[in-house]
Structure formats: structure tokens, C-alpha cells
Amino acid sequence: QFYLLFFSANWSPVGRKFTPQLIDYYNRIKTQHPEFEVIFFSADRSQFGMETYFRDSAMPWPAVAYPKINATAAEMDTKLVKAIPALVFVDRAGDVLSQTGNEADPKSPEKVLADVDGVLTGNKPQVALSQE
């Protein structure tokens with residue numbers, strides 16, 4: 001199993017602009033790779049903001065319930081999320097395989113998606129990141 005953790009918010013113009021690109025990507029690969037799933041983590045300031053963003057964007061993947069997140073964007077773990085939108089690609093064990101905004105190896109969301117492609121086709125990313 002592989003998971004792409006997607007951190008974004010309704011108030012983020014960059015996040016709202018990237019979301020349709022991620023939806024297109026997901027819709028292209030999900031049927032070929034049932035071992036892959038995107039999970040949305042909202043950095044919205046309210047449950048209403050999260051629900052509006054999730055609904056209006058028509059995100060086809062699951063989301064962590066807003067009360068379970070218990071953090072605003074400013075409070076999110078800065079080891080995982082430097083800025084939103086953020087993508088963190090992990091395996092079943094929770095090991096980080098690729099992520100945006102990593103100081104040692106900064107990647108764009110598009111580069112993380114390329115890493116996802118590589119793993120799903122049997123080619124690991126060049127630099128696997130470990131959680132500290």
C-alpha cells in the first residue's frame with residue numbers, strides 16, 4: 001500500500017489551483033493501481049471551509065475528518081508540511097518516500113507525482129527520505 005497525503009486549504013489560491021491537477025492524476029492511475037490512495041488533510045480554519053473545499057473541488061479520495069486533524073496550517077508538523085499545498089508520499093509502514101518542501105531535497109508537487117509514478121511502476125525514487 002502507498003498513500004499520498006495531500007495537505008491544502010480552501011483559503012489557498014495555490015492549493016485550489018493544484019487540486020484539479022491532482023484529481024486528474026488520481027483519476028488516471030487509481031484504476032491501474034488499487035494499492036495507491038490519496039488522503040486529504042485540511043489546513044482550513046473551520047470545518048465549513050474544509051467541507052466547502054472538498055465538495056466544490058469534487059475530491060474523489062477520502063479525507064481525515066476535520067475534528068480529528070486538530071491543527072490549523074500553522075500548527076501542522078513542520079517536518080512534513082512546510083507550505084501548502086503539500087504532498088507527502090508514504091508506504092504502508094509510514095516511511096516517507098517523497099515530499100514537497102523537504103529542505104534536503106526540495107520538490108515541487110509535480111516532482112512528487114513523478115516519484116509516485118516511479119514507485120508504482122517499480123522504480124523507487126532516487127532519494128528515499130526517512131522520518132526523524
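Just so it is clear, none of the values below were taken in a lab; they were calculated from the coordinates. Because the structure is a prediction, the values reported are computed rather than measured. Here the Cβ is made from the backbone with ideal geometry for all residues, glycine too, and neighbour counts use every protein chain on show.
Details
- Most to least packed among 25-34, 106-115, 51-60 [average Cβ atoms within 10 Å]: 106-115, 51-60, 25-34
- Computed from the Kirkwood radius of its Cα pairs, the Stokes-Einstein diffusion coefficient for the stretch 2-55 at 10 °C and 1.306 mPa s stands at 134 µm²/s.
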